[in-house]
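Everything on this sheet refers to the single structure shown next.
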Amino acid sequence: MLRLIRSLSRAVSLVLAVLAGLTMAAIFGIIFVNSLQRYLFGTSFQWGEKLPIYLTIYGVMFGTALGYLQDRHVRFTVITDLIPARVRHVLYLIVDLVMVAAGVMLAWSGWLFAESRGRVDASSIREAARGLATTTGIDGLAIFGKLYPYQLALAIGGALVAVAALVKFAERLLEPVGAEPQAGAEISEGMGF
Amino acid sequence: MVYLILVGSLAIGTPVAFAICAALFYFMGVGAFPYQLKLVATQMFSGLDSFPLLAIPLFVLAGEVMNESGITVRIIAFAMVIVGRFRAGLALVNIWASVIFAGLSGSAVADTSAIGRVFIPEMARRGYPLEYAAALTAASSVIGPIIPPSIPVIIYALIATGVSVPALFVGGIVPGVLLAIFLSAYVMIFSARYERGAPSPVEEQQRPRGMILLDGLLPLLMPVFVVGTILLGVVTPTEAAAIAVGYALILGVLIYRELPLKALPGIFSRSMVDSSIIMIIIAAVSAGNWLLTYNRIPNMITELTLAFVSSQWTFLIAVIVLLLIVGLFLEGIAAMLVLVPILHPMALSLGIDPVHFGIVVIFNLMIGLITPPMGLCLFVADSIAHVGIGKLTRAILPFFLVELVVLLILAFVPQTVTYLPRLLGF
């Protein structure tokens with residue numbers, strides 16, 4: 001059973017890592033090309049500022065869910081570091097459940113948010129989306145000229161966090177006590193400010 | 001009940017961002033109009049809906065690319081030629097390589113990781129105690145977020161009104177160099193004994209010095225270009241960060257040929273995850289700050305505090321003590337996001353220069369990177385040295401005191417921060 005859950009965890013991590021990586025590459029590509037265009041040729045994409053922002057919000061959501069699976073989030077460990085491993089294990093199981101609940105609430109809140117304001121035009125992207133729909137003949141692409149697909153990021157992110165926390169809960173429940181990484185090991189070497 | 005949920009979930013180890021969210025969901029769920037559940041997502045979205053904020057993932061990406069592309073090694077070799085010949089040469093190279101690295105990445109933890117991998121084993125090989133080498137690497141990496149470009153500075157400018165990124169960038173230059181000078185003085189006085197009998201690190205270099213200096217010039221052009229164009233107003237910090245990534249990619253892939261293309265997906269993915277960990281806190285704190293501001297709580301706290309504190313100096317001392325304590329338990333940027341919206345208006349009310357206050361706050365919180373139990377740089381240094389946090393904490397104490405002295409100088413001699421920005425017209 002543990003092997004199955006670990007495989008599931010790896011699969012979810014891989015999907016989230018690919019999505020996070022693609023988002024980061026797109027953000028960099030758009031801003032880099034747009035900056036060069038602006039300073040070298042005096043022109044820029046109208047959507048070149050807003051689209052990377054929306055992509056970042058999606059990227060943050062993918063990264064947040066993956067960060068939870070990898071135990072990388074910033075958390076207080078003052079109390080949890082002092083208590084015995086067995087009690088800590090139980091506490092972290094509770095934390096996983098709190099995260100499932102918070103993820104579900106975030107998904108619900110994000111859905112309500114997108115429902116209330118999603119039909120509004122994303123002004124700087126509207127023309128590009130219409131152009132894309134006309135060029136490709138796929139009318140559905142015009143939806144990208146509305147705020148709906150971008151505001152849904154919070155709802156999708158909340159759902160992903162809930163899934164990640166659920167997988168983590170199952171993994172922690174089945175693995176032997178004391179197998180979870182300690183505070184220091186949780187820190188990503190790449191992270192930093 | 002809201003505070004009970006917040007404190008309770010923080011205490012059991014819930015990630016900071018989601019502990020805030022949990023408390024907000026409860027409040028919005030049970031509260032009457034205008035409080036609604038959708039406000040949490042609305043405010044979190046607004047908190048991230050900012051082009052300047054995109055500088056964070058891009059600078060994190062720039063740091064990752066530099067680490068993988070051979071730029072760090074060249075910076076270290078360059079610093080070795082410049083300061084390696086002096087007393088306690090290797091310790092000095094460690095400090096001044098951090099200064100150069102600071103101009104490229106602006107991230108203390110990336111600095112500890114990149115420089116520590118090279119220096120901690122090398123310093124141990126040349127007679128320095130392992131814990132001393134790790135402690136010095138962690139302590140000198142605090143320079144990273146002080147010297148521009150700096151991720152904490154960008155975040156500070158976003159949350160504090162009336163202070164610009166370029167002004168804070170310029171304001172951080174002297175404090176960063178001052179910290180490097182004080183750390184250098186300390187190691188020259190107290191560390192030379194470790195290197196006695198060992199050949200000078202410069203003598204051990206295999207390649208001619210001229211070649212090393214020439215090789216280091218390309219990476220060194222990057223901070224000059226990045227910081228220069230931001231300060232001249234040619235590009236925004238976000239655009240400068242994207243250009244820095246592009247430049248590092250060109251160096252790593254095309255010129256040095258040390259960065260294989262197959263490494264890029266991993267670099268992009270790691271950078272996004274590392275940025276998300278901070279940006280989700282920014283989103284959650286934005287939602288929390290909306291609630292506080294809607295209820296005028298920062299104003300009430302300001303009025304209450306100003307009733308007791310009327311002098312700039314008393315206020316600064318109180319802030320330093322508060323942030324040193326908070327820095328022990330909370331990651332610096334998370335602490336900044338929570339406290340700056342409250343402390344910044346108070347500082348302005350007392351007539352403290354916003355750039356001066358900003359740099360003091362950032363410097364203060366970055367010291368928290370080397371203090372246990374939440375000292376991220378300490379953890380990274382220990383993951384390389386494997387000496388144990390206890391031993392490392394004892395070794396870092398003198399460096400902590402040096403940094404405290406520099407902090408007090410910055411706080412009580414405002415010109416150390418404000419002179420350069422004023423000179424350049426910010």
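The values are calculated or read from the model by the stated rules, or taken from the named source; none is laboratory data. Treat the numbers as computed from the prediction; the structure is a model and nothing was measured. Neighbour counts run over all protein chains shown; Cβ positions are idealised from the backbone, glycine included. For the accessible areas, the whole protein counts, side chains as well, though only heavy atoms, and no ligand, DNA or RNA atoms are used. Shrake-Rupley method; radii C 1.70, N 1.55, O 1.52, S 1.80 Å.
Scanning segment B:73-111 for residues that are facing chain A (nearest Cβ under 10 Å) and part of a helix (DSSP H, G or I), which turns out farthest from B:Val224 (Cα to Cα)? Across segment B:73-111, the extreme among qualifying residues is B:Val109. Can you say whether B:Ala41 is buried (at least 24 other Cβ atoms within 10 Å of the Cβ) and without any contact (Cβ under 8 Å) to a residue 60 or more places away in the chain, as far as the supplied structure shows? Considered against the rule, which asks whether it is buried (at least 24 other Cβ atoms within 10 Å of the Cβ) and without any contact (Cβ under 8 Å) to a residue 60 or more places away in the chain, B:Ala41 comes out as yes. Kindly indicate whether any position in segment B:60-72 is buried (at least 24 other Cβ atoms within 10 Å of the Cβ) and part of a loop (DSSP other than H, G, I, E, B). Yes, segment B:60-72 contains a residue that is buried (at least 24 other Cβ atoms within 10 Å of the Cβ) and part of a loop (DSSP other than H, G, I, E, B). Residue count for segment B:18-55 satisfying the condition of being outside any loop (DSSP other than H, G, I, E, B) and within 7 Å of chain A (Cβ to nearest Cβ): 12. In this structure, A:Tyr68 does not satisfy being open to solvent by less than 30 Å² (accessible area, probe 1.4 Å), assigned to a helix (DSSP H, G or I) and touching a Phe, Trp or Tyr at 6+ places or on another chain (Cβ under 7 Å). For segment A:87-95, the condition holds for at least one residue, the condition being that it is buried (at least 21 other Cβ atoms within 10 Å of the Cβ), β-branched (Val, Ile, Thr) and at the interface with chain B (Cβ under 9 Å from one of its Cβ atoms). Within segment B:331-360, the set of residues being within 14 Å of chain A (Cβ to nearest Cβ) and either part of a helix (DSSP H, G or I) or open to solvent by 10 Å² or more (accessible area, probe 1.4 Å) (or both) comprises B:Gly332, B:Ile333, B:Ala334, B:Ala335, B:Met336, B:Leu337, B:Val338. When segment A:1-28 is filtered for residues that are in contact (Cβ under 8 Å) with a residue 60 or more places away in the chain and surrounded by 12 or more Cβ atoms within 10 Å (Cβ to Cβ), the ones remaining, listed by number, are A:Leu2, A:Ile5, A:Arg6, A:Leu8, A:Ser9, A:Val12, A:Leu16.
Scanning segment B:235-276 for residues that are touching a residue at least 60 places away in the same chain (Cβ under 8 Å) and among the basic types (Lys, Arg) turns up just one, B:Arg270. Scanning segment B:408-424 for residues that are in contact with a Pro (Cβ under 9 Å, 6 or more places away or on another chain) and open to solvent by less than 40 Å² (accessible area, probe 1.4 Å), which turns out farthest from B:Gly171 (Cα to Cα)? The extreme case among them is B:Leu410.
Among the residues of segment A:67-121, those that are under 19 Å from the mean Cα position of the chain (by Cα) and farther than 21 Å from B:Met44 by Cβ comprise A:Gln70, A:Asp71, A:Asp96, A:Leu97.
Screening the candidates A:Val100, A:Val161 for the property of being in a helix (DSSP H, G or I), β-branched (Val, Ile, Thr) and more than 8 Å from chain B (Cβ to nearest Cβ) yields one hit, A:Val100.
Among the conditions (1) open to solvent by 30 Å² or more (accessible area, probe 1.4 Å); (2) part of a helix (DSSP H, G or I), B:Ile278 misses just one, which is (1).
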